[in-house]
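Report on the structure given below.
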Amino acid sequence: MKLLLTIHRARLGPTEFKVIRPARPPARAALSEGNRYLHAQVDQEGAQLIAGLWSLAATSPRSLVHVPLRRTDPETGEPGLDLVLLHHSLQFAPSRWKELRARLGPGLRQTARLPGPAPRDLSADPWPQRHHKENRDRFHQHLRAGTLFLTGSARVFADTAWLFADVAHRAPGYVLAHPDHQHYCTRMSHGDNSVAAGSGLHVVYRDRWPES
């Protein structure tokens, strides 16, 4: 998988932070709050891009991966959220994001090549190890400045990148084959022990979008 990125660096006090963004943010993708879940809506291209950025977060523990997604939810009209993926070892305080974001310049373009997320075996439990009480590879969520922060380990990012990859690979064909039931989604939640604090994440394929 090849990703075209922009690399940004900015200082907060004595610490320099590296922020990675897609050079072209997904045109048809939205993230918003819900009652039990955070809702991500994506077309195939958006799902592929976010899956790649999710995998990048697993291999870039010293960087914040920023995915600009803030747009009005096409179904509910609710205001949208941006997304930041970061490793817990950074110990970055989400309350400082607005200040850091304001200091980011245009960045330098760079191409990254990553292996795609491993395909999911639909007949198997994707996270068998997560049902153990001692599992600590779980996400913590924070909402600040119109942005959802997902903080976790390299392991949990690598294990969950299939959420978007699955939608990109399977959803378009499913929708064509099931015209009477076109809903295709994946999710993670407290039930699968991938979320320690915050809501679950519900990823929905959407092939029709209102004109911008």
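Throughout, read-outs are computed from the coordinates displayed, never taken from laboratory work. As the structure is a prediction and not an experimental result, all values here were calculated from the model. Methodologically, a virtual Cβ is constructed for each residue, glycine included, from the backbone with ideal geometry; neighbour enumeration extends over all protein chains shown.
Quick notes on this one:
- Cα gyration tensor, the range 1-75 - rounded (a/c under 1.5), prolate or oblate: prolate
- Summed side-chain charge close to Pro68 - residues other than Pro68 whose Cβ falls under 12 Å, Lys, Arg +1, Asp, Glu -1: +4
- Computed from label points 7 Å out along Cα-Cβ, the spacing between Leu90 and Glu45 is 2.7 nm.
- Converting phi to 3J(HN,Hα) with the Karplus coefficients 6.51, -1.76 and 1.60 and the offset θ = phi - 60°, the range 11-25 yields 9, 10, x, x, 9, 9, 10, 10, 10, 10, 10, x, 5, 10, x Hz in sequence order, with x at every glycine or proline.
- Within the range 151-208, trypsin sites (Lys or Arg not before Pro) in DSSP loop having at most 16 other beta-carbon neighbours inside 10 Å: Arg208
- Restriction of the trypsin sites (Lys or Arg not before Pro) in the range 39-119 to DSSP coil positions whose beta-carbon has at most 11 other beta-carbons within 10 angstrom yields Arg62.
- Global form of the range 25-65, assessed from the alpha-carbon gyration tensor, a/c cut-off 1.5: oblate
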